[in-house]
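Notes follow the structure.
The values are calculated or read from the model by the stated rules, or taken from the named source; none is laboratory data. Note that the structure is a prediction, hence the values are computed from the model and not measured. Here the Cβ positions follow ideal geometry from the backbone for every residue, glycine too, while neighbour counts run over all protein chains shown.
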Ligand code: Z5A
Ligand code: MG
């Protein structure tokens, strides 16, 4: 349901370090919107189902090795292959909720030592999220959650380095796109408490937004 004929769906991104509860909250939000009679779609990144996604999946599970630059570009290519569908859905009034996006791409690759600017370039001009919710959780709590440590990057030192890069990514978003597009959320507490906190913070953006879809980093 759109509030006016000119409004389009909102593009909302969930970001954060490992195990902070992104996937749990994204699916709850999509379910709630559907219960309320709105059209919403979940978009997971990486999307491991595509041909590129399968290469990424093998890399994350340490079944394949890859040069750091090459895997970075594959993560970005994986977003580009989904970009047209995201735009189409937004234009049709569907709220698109993404579980990670380009911000993870930069933070994780820069944490490995790739230059920040190199990490940012391939995603330039992708659909710009209307709102990014950055969930934060102390490392001790994240490490204690199930399945932490199963995939590449799931080490405490890598998570600490990535946390620092996420802070730089936030600064960049705020500098280029304004402070109202990036909201940091304390992800501690129960699943239901966090769900309520998120509901309060996103407000009425899920009722549709006016204006063209922006371009990331432009
Ligand atoms: N990556 C990259 O390098 N470049 C890129 O461009 C992109 C990604 C897009 C895989 O991502 C890796 O890819 C990731 C970044 C890198 N590497 N790392 N680290 P992924 O998104 O596929 O990762 P995942 O396997 O889905 O895990 P996750 O996203 O880190 O977890 P989460 O979605 O934030 O958490 P969750 O699945 O909702 O919850 C984790 C567990 O905690 C689960 O058992 C829940 O039931 C439990 N949980 C959830 N909420 C709570 C609360 N509130 N209390 C207690 N327990 C909870
Ligand atoms: Mg997840």
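Considering 7, 23, 27, the condition of being more than 25 Å from residue 118 (Cα to Cα), surrounded by fewer than 16 Cβ atoms within 10 Å (Cβ to Cβ) and at pLDDT below 95 is satisfied by 7 alone.
The residues on offer are 50, 24, and the sole one that is in contact with a helix residue (DSSP H, G or I) (Cβ under 8 Å, 6 or more places away or on another chain) and more than 10 Å from ligand 1 (Cβ to nearest atom) is 50. Taken as a whole, the stretch 208-218 holds at least one residue that is farther than 18 Å from residue 16 by Cα, at pLDDT below 95 and surrounded by 13 or more Cβ atoms within 10 Å (Cβ to Cβ). All conditions but one from (1) at pLDDT below 95; (2) surrounded by 12 or more Cβ atoms within 10 Å (Cβ to Cβ); (3) closer than 30 Å to residue 84 by Cα apply to residue 203; the one that does not is (2). Of all the residues in the stretch 27-47, those that are in contact with a helix residue (DSSP H, G or I) (Cβ under 9 Å, 6 or more places away or on another chain) and more than 15 Å from ligand 2 (Cβ to nearest atom) number 7. Taken residue by residue, the stretch 53-61 has at least one member that is touching a residue at least 60 places away in the same chain (Cβ under 8 Å) and more than 13 Å from ligand 2 (Cβ to nearest atom).
Taken over the stretch 159-194, the criterion of being within 16 Å of ligand 2 (Cβ to nearest atom) and surrounded by fewer than 19 Cβ atoms within 10 Å (Cβ to Cβ) is satisfied by 191 alone. If the Cβ limit is 6 Å and pairs must be 6+ apart or interchain, which residue in the stretch 7-21 that is under 19 Å from residue 201 (Cβ atoms) pairs with which residue that is within 15 Å of ligand 2 (Cβ to nearest atom) and part of a loop (DSSP other than H, G, I, E, B)? Cβ pairs passing all conditions: 13/101; 20/137; 20/187; 21/187. Residues in the stretch 103-151 that are within 16 Å of ligand 2 (Cβ to nearest atom) and within 24 Å of residue 82 (Cβ to Cβ): 103, 104, 105, 107, 108, 132, 133, 134, 135, 151. Just so you know, in the stretch 62-74 the residues that are more than 17 Å from the chain's Cα centre (by Cα) and assigned to a helix (DSSP H, G or I) include one that is nearest to ligand 2 (Cβ to nearest atom), and it is 71.
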